[in-house]
Amino acid sequence: MTPLVLIPGMMCDARMWGGIDAALGVPVLHHLPVQAETMSAMAALFLADAPQHFALAGLSMGGILAMEILRQAPGRITRLALMDTNPRAEMAEVRSRRGPQIDRALAGDLAGVMRDEMKPNYLAPGPGKAAILDLCMDMALSLGPQVFARQSRALRDRGDQQATLAGFAGPALVLMGEQDRLCPLDRHQAMQSLMPQSRLVIIPGAGHLPPLEQPDATLRALRDWLA
């Protein structure tokens, strides 16, 4: 059976999937992009040890890295799921914030950066929000400021991947939380239009992290994509 590789969002680890990975019914491999500081190098490191053929799903930064993996090795990816992500290069206003965030994190205030500038944009309102935000903080602090710096630089300097997506003809899922403020609807509509064979799924009651906010709906969408 073809394995599925899952790539989480920035400063997240496998816990970001909320346990739905164990319920997908396929062999699952987790990849954490922590060693390089460009998307190109991150993808090359992954591909050096990856299975010859695999399904690929990424959320947020994980989706951005998935697109670069697809660009480098299109013949190795059997199906693609892009979740709460963005196929375009970084906007200038976001780029301008990266340097100060990196400096602050490396100076010892990673927790403050996550608290003040990252976490407020992650989630839709709901009774489980506080626990999810606590998990996000724990994942980030476990990875540490050096990983934050490398991932931030990779995101800052990434290229546009719309042509990459237009060349993919395999089964594809584009999924987002309905209240995602970081990667809004127009980004996902653009990806769906570039891959007309794809299915666009919008998860009610979720923001940027549907696997944690609405795990049942996210699991159903992924199972349908894998079927």
* Residue-normalised accessible area of the stretch 143-203, given per residue in Å² at a 1.4 Å probe -> 42 Å²
* Asked: What's the carbon and sulfur percent of the chain's accessible surface, probe 1.4 angstrom, rounded to a whole number?
  -> 53 percent
* Taking the Cα centre of the chain as origin, sum charge times position over the Cβ atoms of Lys and Arg (+1) and Asp and Glu (-1), and report the length of that vector in debye to the nearest 20. => 320 debye
* Packing rank of 85-91, 122-128, where each peptide gets the mean count of other beta carbons within 10 Å, highest leading -> 85-91, 122-128
* Mean residue ellipticity (222 nm) of the chain, computed from DSSP H runs ≥ 4 via -39,500 (n - 2.57), nearest 500 -> -12500 deg cm²/dmol
* To do: Send over the semi-axes of the chain's equivalent ellipsoid, whole angstrom and largest first, taken as the square roots of 5 times the C-alpha gyration tensor eigenvalues.
  => 25, 20, 17
* Structure fact -> Result row for the chain, helices from DSSP H with C-alpha axial extent 18 Å or more and mean Kyte hydropathy at least 1.0, is 129-143
* Structure fact -> Here the tail fraction of P(r) beyond 13 Å, over all Cα-Cα pairs of the stretch 66-120, rounds in percent to 71 percent
* Asked: Where the centroid of each part is defined by its Cα atoms, how far is the stretch 110-146 from the stretch 1-52 in Å?
  -> 20 Å
* To do: Please name whichever of Gly126, Gly167, Ala22 sits farthest to the positive end of the charge dipole of the chain, dipole taken about the Cα centre and charges placed at Cβ: Lys and Arg +1, Asp and Glu -1.
  => Gly167
* Asked: For the stretch 114-204, what is one quarter of the convex hull surface built on the Cα atoms, given in nm²?
  -> 7.2 nm²
* Asked: On the first, second and third principal axes, largest extent first, how far apart are the outermost C-alpha atoms of the stretch 104-149 in Å?
  -> 33, 17, 12
* At 10 °C and 1.306 mPa s, grab the translational diffusion coefficient of the stretch 23-150 from Stokes-Einstein with a Kirkwood Rh over Cα pairs, rounded to a whole number in µm² per second. => 97 µm²/s
* Structure fact -> Against the 2.2 N^0.38 Å rule of thumb, the C-alpha Rg of the stretch 30-88 sits at a ratio of 1.00
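The values are calculated or read from the model by the stated rules, or taken from the named source; none is laboratory data. This is a predicted model, so every value here is computed, not measured. Reconstructed Cβ throughout: ideal geometry from the backbone, glycine too, with neighbour counts over all protein chains shown. Surface areas here come from the heavy atoms of the whole protein model, side chains and all, with no ligands, DNA or RNA. Shrake-Rupley method; radii C 1.70, N 1.55, O 1.52, S 1.80 Å.
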